[in-house]
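Heads up, the thing below is written out as structure tokens.
The values are calculated or read from the model by the stated rules, or taken from the named source; none is laboratory data. Since the structure is predicted, the reported quantities are computational estimates derived from the model, not experimental observations. Here the Cβ positions follow ideal geometry from the backbone for every residue, glycine too, while neighbour counts run over all protein chains shown. Calculation scope for accessible area: heavy atoms of the full protein, side chains included, ligands and nucleic acids excluded. Shrake-Rupley method; radii C 1.70, N 1.55, O 1.52, S 1.80 Å.
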Amino acid sequence: MSTPITTPELPRSYDPAAIEPSIRDIWTQSDLGHVNAPLPQGSTPFAVLMPPPNVTSILHLGHALGATLQDVIVRHARMRGMETLWMPGTDHAGIATQTAVERRLLQDGKRRSDYTREAFVDIIHEWKDEYGAAILSQLRELGASCDWPRTRFTMDPVCAAAVREAFFQLFDEGLIFRGKRLVNWDPATETALADDEVEMEDVKGHMYYLRYPLSDGSGHVTVATTRPETMLGDTGVAINPEDPRAASLKGKKIMLPIVGREIPIVEDEYVIMSGQGDDPKAAFATGFLKVTPAHDPNDWEIGQRHDLEAINVMGPDASISDKHGWEDISEEARCFLGLSREDARTAIIEWFRKHELLEEIRDYDHAVGHSYRSHVPIEPYLSDQWFVRVTDDRLRGEAMRSINPEQYDGTPPPRETGSREGDGELSFSAPRYARSFQQWHENLRDWCISRQLWWGHRIPVWSKVLKFSEAGTPPTDLGNGMTDQTSWCQAPFCDRADDTLSIRLQIDRENEEVRILACVGRDAESIESDLEAAGFAQDNDVLDTWFSSALWPISTMGWPAPSAFPETEGLLEAFNPSSTLSTAREIITLWVSRMVMFNRFFRDGRLPFRDVYIHPTIQDGFGQKMSKSLGNGVDPRDIIESHGTDALRFIMTQLATSTQDVRLPLDLVCPFTGKTFTPEFITSSTGHQVTAPIQKSPDDPNRTMVTVYGQLSGTATATDEEPLARNSSSKFDSGRSFVNKFWNAARFALARSESPGTVDSLKSLGIIDRWMLSRIHRARRTIDAAIDSYQFNTCAEAVYDLVWRDFCDWYLESIKPTVADDAAQRQVLLTSLDVISRLLHPICPFVTEALWPHVQAMGSPGLPELGIKPSDSVSLASWPETDGLHDEEAEQQFERIKEIVNSIRRARADHDVPPRTKLTMAMPASLRSVIDPVQPAMLAMCTLEKIIDLGDEDGIQVHVEGQIIHLLGGDDEVDAESERARLQDRISELRKSIGALKGRLGNPGYVEKAPAHLVEETRKTLEQSEADLVTAEDSLRKLGA
RNA sequence: GGGCGAUUAGCUCAGUUGGCUAGAGCGCUUCGUUUACACCGAAGAUGUCGCUGGUUCGAGUCCGGCAUCGCUCACCA
């Protein structure tokens, strides 16, 4: 038969750049990933929930990892025949995007206040369009098989409807409230932040000791503080009741310096006594604590307990101000007005020093909350904000009860009545993350959801403030704050409440005012205009991004009204809950928790997903987290360009272990020469290791280039003369090699599998073919188990070993001499290639898709006992059913063959037999029975002339299974000296191991307690070793030792 | 300070209910380009599995202690 040596249309090496675009087109044309809903009867739904990336900036390798793993899961599920939904989308990321846009505007010297709200939002929209498109295109390049027609953005109408409905329901249920609270305030962006948007940073500061005179002139007390500027708002001084000085100070008052405010001394157990207890603060404490309820959360609590006034002495920008609640300002204090908090601190200290009231200043290191966006210190700030009462059992309790009981520490708070769908069905991989989830909920506080931003979902509440004289005086038992009792109030709308209007009142007794809060549901524009006509105004604030993110699992599927968005009909029923959420660690609290609470609340206890897989964090070469803001993020497209997408995906899969984060040392690609080199690094102003903004070409120091960090940090701009250097990393080399290896194996297999025969029974096949098929079966099982348990590295390893070790190294080498004349073997070869392509596809979709038509064109692959359905695209091909391929006997036989081949190769190398010298192998009958059925393979793999029965020949001795094989026909005499040395080494090695084995078997504990099969195995090994020892000793004797 | 994780070959990392005479990739040494692939093949070297006690017939794996590194929560007296 005249098989061509190579297939001409396939080039000698895999060129991803030339092939990938057309493969993407194939998937686009076939609408791969698009699911039609409602699902047909009898189908099995499977969904992965994609965390929508922020439109702040393009994706980096951390996202590429997440996307790759999700796509592996999704492609695997799809091939297994499930109706598989993976919906793509992006998140508007309120504060993050707004800050990014403001930063860009600032480069042109413009500020937010230079624009109207509408104009500014338009600018952000442009940014969103640009980056949103870039992100989606990155995902496509990665090969993500999403349901593209269903792409969503968190501010799409369907998502806005969900936000509106969710807010309305929560408001109506009393789970959303408005109140004056101390919140985390970011004075740079002038917005409130949630607790988890605050990052603690260590600060080298000072402890200031201030003397506060007693009003009666009988002396002073000394308070310790790190924030002297807040003293303007002090309304008390606290002392521990146990403090011996407390008694004599009872009832006394302080005359607050500068301000001239007379403030009480109160007793509170919260106060640490100087030098006592375990608290490290005790070493710095004086026993007297200045209490500033409006500027410190702990002081706020003390203030509540002792009925102290909260006097806010700052404006929203954290400068000293008497316009936000400070009414008793003195002449002395006026000179501090308008100072920033930093300047005010200096000025106050100077005042105390001048008046000899400054006792001491000591160095003090402590952690201070900073905004995770603007990175300025957070100001605890008293303001009116909106909150979700997540501490309510209907939210927090449901989240806690959803945890898989095996992963819960203790028992969750009980439900009042019985159990419910969703209870205990949420599992984390790795399980330890369930603990973080649990602990987060145990310490939960109400969630501040209002943001003083322009970019986001606006709060759907209209309000109007009325004096008691207009509205009526509220019954005294209603107290201060929010109430749903509206009957006493004579304001318009108070008697109106229906499916789209919910009224709450916020009572302010001090000012004798009531704020009427009217929450409007969706599709009720007429009510909105009625309200506005009556003088109500919509709240200016927008919602925390995570409010809409929390609804992502259901809003994208059309909740609450799929009929209003017909393309979403049937999705909720089929895909809520979804199967898996794959996300990063830091998102567990910000997002996972809130999705669970909301999904369960709005969907009768149903979970948003059942499994949460936490993937590793990608770090740079210095162990720093890869991030957009740090500027060390690598665009996956750089790697796609340097190594190909499959190589990137393969390495990402291989890196995903359950414990380790991933370090990726980076290289640069010189734009002039294409050469990869290690860049120079510098320490940035934030103390991080980053690439120097400008790098020299490794070949020509006169030519320079700009790095991504240079570009992002604004310190360098790429030009034609000084172009941008793309990133790369040698970490991906082995992935590229792997893909190329498979490509060439396929080329070879295709060239050898013309006119494949029909196989009637697997038993009619030879050992080599049966072995290959059994290995395929094993790999398939390993891959399935690995993906099902999110052990992606195991999956990658199984695929690698199957392709490279089993298929290339052994199978292809073994069949070379026979395949041309064996039609059945050609069928096995072709079918193996078909099945391996399927198994490899989820990880390496491009190369497998590129080869697929060539495989199918060779005939119709197939074997008895093997379930594979034909398909035009491997992405839609069935996942192989391989159970019938399992062949224990063939595997064992082939293992023996491999061992014999290895021994012969080793012996040839040891004896320096030239690689092309063909030897004659003389072997005993017992081994011939193993080798004879595969003689052609044996001759080829060991470069042998022929195989004969063992006689009295001399020659190179090979010891296998306690037997001797002789290799004849080497040109040179065997070097007796080195042969002796080799044998002696071998003998001492064997003696050592025999000693160990005998010791083990001589131990009664082992023989009695260890599993029988292990003891049996040990005995066999011992027997074998002893036989090997005898052979080796014999040989040594013959050499005449 | 609380919690979690890591420490295995020169480097990056596997090693899932204890059975290991501890693996992979890269790198290194030697040899090999007529015959799929040099993004290749063959052969080889390299480890007191952080330290220290304990449980066990048996510990890289389980338990206690210590050391170093990382993450996270708390902490503006």
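In nm, what is the difference between 0.36 nm times the number of residues separating A:R80 and A:D699 and their Cα-Cα distance?
Roughly 217.7 nm would be gained on extension.
Report the net charge of residues surrounding A:F352, where surrounding means a beta-carbon distance below 12 angstrom and charges are Lys +1, Arg +1, Asp -1, Glu -1.
-1
Quick check: net charge around A:Y209, other residues with Cβ under 10 Å of its Cβ, Lys/Arg +1 and Asp/Glu -1?
Once all neighbours under 10 Å are counted, the net charge is 0.
Can you classify the stretch A:332-376 as rounded, prolate or oblate using the Cα gyration tensor, where a ≥ b ≥ c are the square roots of its eigenvalues, rounded means a/c under 1.5, and otherwise it's prolate if a/b beats b/c and oblate if not?
oblate
According to the Cα gyration tensor, what semi-axes, each the square root of 5 times an eigenvalue, does the equivalent ellipsoid of the stretch A:214-284 have, listed from largest to smallest in whole Å?
Equivalent ellipsoid of the stretch A:214-284: 21, 16, 10 Å, largest first.
Below 8 Å between Cα atoms, with a sequence gap of 6+, how large is the relative contact order for chain A in percent?
Reported as a whole number, the value is 11 percent.
Please work out the average accessible area per residue across chain A, using the 1.4 Å probe convention, and give it in Å².
Solvent-accessible surface per residue comes out at 43 Å².
Non-local amide H neighbours of A:S402 (under 5 Å, H modeled in plane, Pro and chain starts lacking H): which ones?
A:G424
Going by a ≥ b ≥ c, the root eigenvalues of the Cα gyration tensor, does chain A fall in the rounded group (a/c under 1.5), the prolate group (a/b larger than b/c) or the oblate group?
prolate
Largest first, how would A:D949, A:D508 line up by accessible area (1.4 Å probe)?
A:D949, A:D508
List the GluC sites (Glu not before Pro) in the stretch A:509-549 that DSSP assigns to loop (not H, G, I, E or B) and whose Cβ has at most 16 other Cβ atoms within 10 Å. Which are they?
Taking the stretch A:509-549 and a limit of 16 other Cβ atoms within 10 Å, the loop GluC sites (Glu not before Pro) found are A:E510, A:E512.
Relative contact order, percent, of the stretch A:542-585 when contacts are C-alpha pairs under 8 Å separated by at least 6 residues?
RCO, the stretch A:542-585: 27 percent.
If I compute solvent accessible area with a 1.4 Å probe over the protein chains, what percent of it on the stretch A:733-891 is carbon and sulfur?
45
State the extension gain, in nm to one decimal, for the chain segment bounded by A:Q439 and A:E1026, taking 0.36 nm per residue of separation less the distance between their alpha-carbons.
My answer for the length gained is 205.4 nm.
What value in Å³ per residue do you get for the convex hull of the alpha-carbon atoms in the stretch A:647-803?
170
Report, in listed order, any pair from A:K918/A:K1038; A:K918/A:K1020; A:K625/A:K675; A:K180/A:K323 with a Cα-Cα distance greater than 28 Å.
Over 28 Å Cα-Cα: A:K918/A:K1020.
Which percent of the accessible heavy-atom area of the stretch A:462-538 goes to carbon and sulfur, probe 1.4 angstrom?
Its accessible area is 41 percent carbon and sulfur atoms.
How about the stretch A:24-116: which trypsin sites (Lys or Arg not before Pro) there lie in a loop by DSSP and see at most 11 other Cβ atoms within 10 Å?
A:R111
Rounded to two decimals, what ratio of Rg to Rh does the stretch A:669-728 give with C-alpha atoms and a Kirkwood Rh?
A ratio of 0.95.
If you average the C-alpha positions of the stretch A:542-582 and of the stretch A:973-998 separately, how far apart do those two centres end up, in angstrom?
Cα centres, the stretch A:542-582 to the stretch A:973-998: 70 Å.
May I ask you to list the aspartates and glutamates whose Cα is less than 12 Å away from that of A:K110, ignoring any residue fewer than eight positions away on the same chain?
A:E102
State the Kirkwood hydrodynamic radius of the stretch A:820-925 in Å, one decimal place, computed from all pairs of distinct Cα atoms.
Averaging 1/r across every pair of different Cα atoms and inverting gives 16.9 Å.
Could you give each residue of the stretch A:238-252 its phi-based ³J(HN,Hα) in whole Hz, using Karplus coefficients 6.51, -1.76, 1.60 with θ = phi - 60°, and x for Gly or Pro?
10, 9, 6, x, 6, 5, x, 7, 4, 4, 6, 9, 3, x, 7
Treat the stretch A:439-511 as a sphere of radius equal to its Kirkwood radius over Cα pairs and apply Stokes-Einstein at 4 °C in a medium of 1.567 mPa s; give the translational diffusion coefficient in µm²/s, rounded to a whole number.
In µm²/s, the coefficient is 87.
In terms of modelled amide H atoms, which long-range or inter-chain residues lie less than 5 Å from the amide H of A:T191?
A:D186
What Kirkwood hydrodynamic radius, in Å, does the stretch A:185-383 give when the mean of 1/r is taken over all pairs of distinct Cα atoms and then inverted?
One decimal place: 17.2 Å for the Kirkwood radius.
Plugging the Kirkwood radius over Cα pairs into Stokes-Einstein for the stretch A:270-389, at a temperature of 4 °C and a viscosity of 1.567 mPa s, what D comes out in µm²/s?
78
Once each part is reduced to its C-alpha centroid, what is the distance from the stretch A:414-478 to the stretch A:756-776 in angstrom?
If we compute the Cα centre of each part, the gap is 62 Å.
Cα centroids of the stretch A:647-712 and the stretch A:843-882: how far apart, whole angstrom?
So the two Cα centres are separated by 38 Å.
Span-like helices, chain A: DSSP H, alpha-carbon axial extent 24 Å or more, mean Kyte-Doolittle 0.0 or greater, which ones?
Qualifying helices, which must be both long enough and hydrophobic enough, are A:61-79, A:823-840.
Express as a percent, rounded to the nearest 5, the fraction of DSSP beta bridges in chain A (both residues included) that run antiparallel.
75
Where does the stretch A:912-1038 land on Rg(C-alpha)/(2.2 N^0.38 Å)?
Dividing the Cα radius of gyration by 2.2 N^0.38 Å gives 1.28.
Counting only the heavy atoms of the protein chains, how much of A:L802 is accessible to a 1.4 Å probe, in Å² to the nearest 10?
Counting only protein heavy atoms, A:L802 exposes about 10 Å² to solvent.
For the stretch A:397-465, which trypsin sites (Lys or Arg not before Pro) are both in a DSSP coil and crowded by at most 15 other Cβ atoms within 10 Å?
When the trypsin sites (Lys or Arg not before Pro) of the stretch A:397-465 are filtered for loop state and at most 15 Cβ neighbours within 10 Å, A:R415, A:R420, A:R445 remain.
Provide the convex hull volume over Cα atoms per residue for the stretch A:588-710, in Å³.
For the stretch A:588-710, the hull spanned by Cα atoms encloses 142 Å³ per residue.
Pull out a ≥ b ≥ c, the square roots of the eigenvalues of the alpha-carbon gyration tensor of the stretch A:154-194, then state rounded if a/c is under 1.5, prolate if not and a/b is larger than b/c, and oblate in the remaining case.
Taking the square roots of the gyration eigenvalues as a ≥ b ≥ c, the stretch A:154-194 is oblate.
Could you name the lysines in cross-link range of A:K250, using Cα to Cα under 30 Å and dropping any fewer than eight places away on the same chain?
Those lysines meeting the cut-off are A:K281, A:K290, A:K354.
What is the set of long-range amide H partners of A:L724 at a cut-off below 5 Å, with H atoms built 1.01 Å from backbone N?
Under 5 Å from the amide H of A:L724 lie the amide H atoms of A:V706, A:T719, each far enough along the sequence or on another chain.
Please list 3J(HN,Hα) in residue order for the stretch A:358-371, calculated via the Karplus relation 6.51 cos²θ - 1.76 cosθ + 1.60 where θ = phi - 60°; whole Hz, with x for glycine and proline.
8, 7, 6, 10, 10, 5, 8, 9, 8, 9, 10, x, 10, 5
So what is the relative contact order for the stretch A:802-911, in percent, with contacts set as C-alpha pairs under 8 Å and at least six apart?
Normalised by residue count, the contact order of the stretch A:802-911 is 20 percent.
Calculated from DSSP H runs of 4 or more alone, at -39500 (n - 2.57) each and per residue, what is the 222 nm mean residue ellipticity of chain A, nearest 500?
After summing the helix terms and dividing by residue count, I get -11000 deg cm²/dmol.
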